[in-house]
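Quick notes on the structure that follows.
Nothing in this text is a laboratory measurement; each read-out follows from the coordinates by a stated rule. Just so it is clear, the structure is predicted and the values come from calculations on it, not from any experiment. Here the Cβ positions follow ideal geometry from the backbone for every residue, glycine too, while neighbour counts run over all protein chains shown.
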Amino acid sequence: MAVPLTFPLSDEIIHSLRTGDSVLLNGVILTARDTAHKWMHDRFISKKIAPDADDIRVYGLIKPILQGGAIFHCGPIVGGLDSGEYRFLSAGPTTSSREEVYQGDIMRHFNLKGVIGKGGMGEETLQACREVPGVYFHAIGGAAALLAKSLEQVSSVYKLEFGVPEAMWVIKIKDFPVVVTMDSHENSLHEVVKINSKKVLRTLLS
């Protein structure tokens, strides 16, 4: 049976989760892909680029959302762009490995408890899951329209100049179905699958 959880999440809840757990997520989360991750990292973590006034404004607005919250690796298809009455028509997860170079640092900086995406992430993110603590939630790939039905409301959007898929959308979700595939105890189902796949491959080639 899937466990309902509502953001923000406490350390206690995060530590209670194990790989393989089915979860229904609720609350407010933020979408972020490549451009948004790079923006956060370059301006507020590595500080390679000095933030301008709008950067600082947006940072102040997203920080409380990410504190105990989650980032969703998602490039949505959005309706209502002309009217400003935004609605997600499609909300499929993006392949998470693209964000591996940034994710651990972002988790630590914002006290981010959840990362939602598909395909899993690497060792750096797994270590951040242990330290912060946090978990990786695997969303269903290929079911973007179905997942969009769990999105109750688009509350706001930041950095729309990045483009619709790359902007940071603030969304309210209800009973969003995911599975814990990386937990705060250094367990990764993705690593298990990789190891077992290599064993099968060696058998087939021998």
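Within the stretch 1-17, being small (Gly, Ala, Ser) and either exposed (fewer than 13 other Cβ atoms within 10 Å of the Cβ) or in contact with a Gly (Cβ under 6 Å, 6 or more places away or on another chain) (or both) holds for one residue alone: 10. For the stretch 136-184, the set of residues classified as among the charged types (D, E, K, R), within 20 Å of residue 9 (Cβ to Cβ) and not in a strand (DSSP E or B) consists of 183 only. Residues that are small (Gly, Ala, Ser) and out of contact with any helix residue (DSSP H, G or I) (no Cβ under 6 Å at 6 or more places or on another chain) were ranked within the stretch 92-127; the one that is nearest to residue 27 (Cα to Cα) is 114.
So that you can scan it fast, the table gives a plain yes or no per residue for (1) under 20 Å from residue 165 (Cα atoms); (2) surrounded by fewer than 21 Cβ atoms within 10 Å (Cβ to Cβ):
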| position | (1), (2) |
| --- | --- |
| 57 | no, yes |
| 66 | yes, no |
| 71 | yes, no |
| 74 | yes, no |
| 85 | yes, yes |
| 96 | yes, no |
| 104 | no, no |
| 110 | no, no |
| 115 | yes, no |
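If you go through the stretch 110-124 one residue at a time, do you hit one that is free of Cβ contacts under 8 Å to residues at least 24 places away in the same chain and either part of a helix (DSSP H, G or I) or more than 20 Å from residue 60 (Cα to Cα) (or both)? The answer is yes; a qualifying residue exists.
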